[in-house]
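To start, the structure itself, in structure tokens.
The values are calculated or read from the model by the stated rules, or taken from the named source; none is laboratory data. What you see is a predicted model, and the numbers here were worked out from it, not measured in a lab. Cβ atoms come from the backbone with ideal geometry, glycine included; neighbour counts cover every protein chain shown.
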Amino acid sequence: MFNVRKNNFKSILKSLLVYREKYKPGIQIFISLIIGYIAFVLVTDLAILNPTNVNWLMESDPATHYLGWEYFRTAPFLQWPFGANPLYGLEISSSVVYTDSIPLFAFIFKPISQLLPIVFQYFGFWILTCFLLQSFFAYKLLTLFTRDFWLPLLGCAFFAISPFFLWRLSCHYALFAQWLLLAALYLYFNKKHSATYWVGLLILCALIHAYFLVMVLAIWLADFGQRYLLREIKLTKIIFEFFIGISATIFIMCFSGYFMFDSNLQTGGFGYYRMNLLSWIDPDDGWSILLRDQKSGGGDYEGFSYLGIGILVLAFFAFFKLYYRKKFHFSARIIPIFALCILFFLYSLSNKIALGSHEIFTFYLPSFLNIVTGIFRSSGRFIWPVSYIIYVAIFYIIFTRMNRNKAVALCSILLIIQIIDTSIILSRFGEKFGNKNTFEDPLKTKDWDRIALNYKKLIFVLPENHSKNWMILSEFAVTHKMSINTGFFARIDRNKLYLARIKLIRSIIRKELDPEALYFFDDHVLWDVATFSIKKNDFAGIKDGFRFFAPNFRKTQILKTKN
């Protein structure tokens, strides 16, 4: 009887172990997503998931992300490129790519735009998605280095709250998709090469942000290098896959509207938007209770890459283990990614290398590099892949060279410490996203509604990128279903801008104003020209601090102006 019970117990135990091993990956994936969701709740506010809540977006960069989408949803569906956004900017318009409106989501929601609320935003859902995928791909990446159940989950929590990841919640929501870099590193370190996944990842990058596209493209080429050195793939196959990947990516870029410029995309800022040599240990303003903020240059925030107090302590333990167990060599798998990290690091520093508040070294770059530095001027961003490689290297050493129980205990304790150490900045984000204050728009009155009633365009005199009151005027225009000739764009075609300004000046001088356009004047001289001897049915006035000209306006008796 005892032997029978013993055998039954062994059978049950064996079944449980088989069950655990069978469903272990699924359970881990679920927990990794839960970790991402907890990070989302910890950092943001559930109110941003309300698609009709747009108040939290009406500031600086997020405003143009949202307004770019609102204009795009009303643009013609059958157009080429599909991502063109002709109503936002008119003569100087381009596409949703250059308003950082996350083309991937804009393209998903545009076909069902008529079924959506009049006011609709997907950026809250986008932020949640990024948290989930950041945690998921970090977990997948770390499982390549350990078969333990809890270690990769603890590790992915560090990725989900890494300071340089969370910092992008300040304003650049498209750049919050740093899970793309983790996905690329997972494909790189995975022993199985998948051309399909790589091409799919490149397409996703093109549909999210150009900076990610360049970084992932470089990691993809490094992957070709390691596979060739390890003789896992032949040169002919590399050439074929490269051709397919580049062709698919270029097509998606054309489809999205990357190439809607007659002039080049080069602009200034390289050398200003850089990484500081202290960035890895500089918590900046509020990112650490224990460490002091280090003085740095004005544009060094683009290279912000503070690792976090928990990771810095883990780095100390990892270095200690590496130093006393010197069995380490640069394999063919490590060399290409290590070389790429050096290139990323050097580019992120720019040609004006700074240590804290001191610029210690400056050098001139050859003119032929201007095409790169002019387009990708925020060189500091290129430190992200390097910082994630540092994370991976630290966890690899901790997972493989430290006792399992000690590693779990150490990671758990330091994770808690890192959360507490960044609690001040986390509370700031909570306030930012939980802000219930209504966006104060001086143009939201019945008088302005009457003024806008019969006009299809809003013309700002004179148009420019990031013009005065661009947000108020753009929100007013899109609310009243009017196109607008100004806005805020990541890049702008200078030739188109010049021609648009010249054309508008001539029309004002010649008294040939568009009867379907409502004009707002910032230029004093042109205001005097426009209001000198106006036509009988036209109206010019100043209201709520805005000088406006309404051609063929027949209902002036209902308007009360404030001079």
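Is there a residue in the range 262-284 that is out of contact with any strand residue (DSSP E or B) (no Cβ under 7 Å at 6 or more places or on another chain), outside any loop (DSSP other than H, G, I, E, B), in contact (Cβ under 8 Å) with a residue 12 or more places away in the chain and of a type outside the set (Ser, Thr, Tyr)?
Checked against the condition, which is being out of contact with any strand residue (DSSP E or B) (no Cβ under 7 Å at 6 or more places or on another chain), outside any loop (DSSP other than H, G, I, E, B), in contact (Cβ under 8 Å) with a residue 12 or more places away in the chain and of a type outside the set (Ser, Thr, Tyr), the range 262-284 yields no hits at all.
Residues 98, 88: which one is under 20 Å from the mean Cα position of the chain (by Cα) and crowded, with 20+ Cβ neighbours inside 10 Å?
Matching residue, one of 98, 88: 98.
Does any residue of the range 498-514 turn out to be among the small types (Gly, Ala, Ser) and within 34 Å of the chain's Cα centre (by Cα)?
Yes: the range 498-514 contains one or more residues that are among the small types (Gly, Ala, Ser) and within 34 Å of the chain's Cα centre (by Cα).
Can you confirm whether residue 135 is modelled with pLDDT of 95 or more, of a type in the set (S, T, N, Q) and part of a loop (DSSP other than H, G, I, E, B)?
no
Among the residues of the range 213-241, which ones are in a helix (DSSP H, G or I), of a type in the set (Lys, Arg) and either farther than 15 Å from residue 337 by Cβ or in contact (Cβ under 8 Å) with a residue 40 or more places away in the chain (or both)?
Passing the criteria: only 237.
From 355, 349, 290, grab the single residue that is farther than 24 Å from residue 155 by Cα, exposed (fewer than 14 other Cβ atoms within 10 Å of the Cβ) and either touching a residue at least 24 places away in the same chain (Cβ under 8 Å) or aliphatic (A, V, I, L, M) (or both).
Matching residue, one of 355, 349, 290: 355.
Residue check: is residue 259 of a type outside the set (A, V, I, L, M) and in contact with a helix residue (DSSP H, G or I) (Cβ under 8 Å, 6 or more places away or on another chain)?
It is true that residue 259 is of a type outside the set (A, V, I, L, M) and in contact with a helix residue (DSSP H, G or I) (Cβ under 8 Å, 6 or more places away or on another chain).
Among 453, 473, which is surrounded by 19 or more Cβ atoms within 10 Å (Cβ to Cβ) and either closer than 20 Å to residue 530 by Cα or of a type in the set (A, V, I, L, M) (or both)?
Sole residue among the options that is surrounded by 19 or more Cβ atoms within 10 Å (Cβ to Cβ) and either closer than 20 Å to residue 530 by Cα or of a type in the set (A, V, I, L, M) (or both): 473.
Hey, among 307, 322, which residue is outside any strand (DSSP E or B), modelled with pLDDT under 95, under 30 Å from residue 223 (Cα atoms) and in contact with a Phe, Trp or Tyr (Cβ under 7 Å, 6 or more places away or on another chain)?
Every option except 322 fails the conditions.
So residue 504 fits all but one of (1) closer than 22 Å to residue 375 by Cα; (2) surrounded by 21 or more Cβ atoms within 10 Å (Cβ to Cβ); what number is the exception?
Only one criterion is unmet by residue 504, namely (1).
Residue-by-condition table, conditions (1) part of a loop (DSSP other than H, G, I, E, B); (2) surrounded by fewer than 17 Cβ atoms within 10 Å (Cβ to Cβ); (3) under 30 Å from the mean Cα position of the chain (by Cα):
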position: 374; (1), (2), (3): no, yes, yes
position: 383; (1), (2), (3): no, no, yes
position: 397; (1), (2), (3): no, no, no
position: 405; (1), (2), (3): no, yes, no
position: 417; (1), (2), (3): no, yes, yes
position: 444; (1), (2), (3): yes, yes, no
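Out of all the residues in the range 530-558, which are under 24 Å from residue 469 (Cα atoms), surrounded by fewer than 15 Cβ atoms within 10 Å (Cβ to Cβ) and among the aliphatic types (A, V, I, L, M)?
Scanning the range 530-558 gives a single hit, 542.
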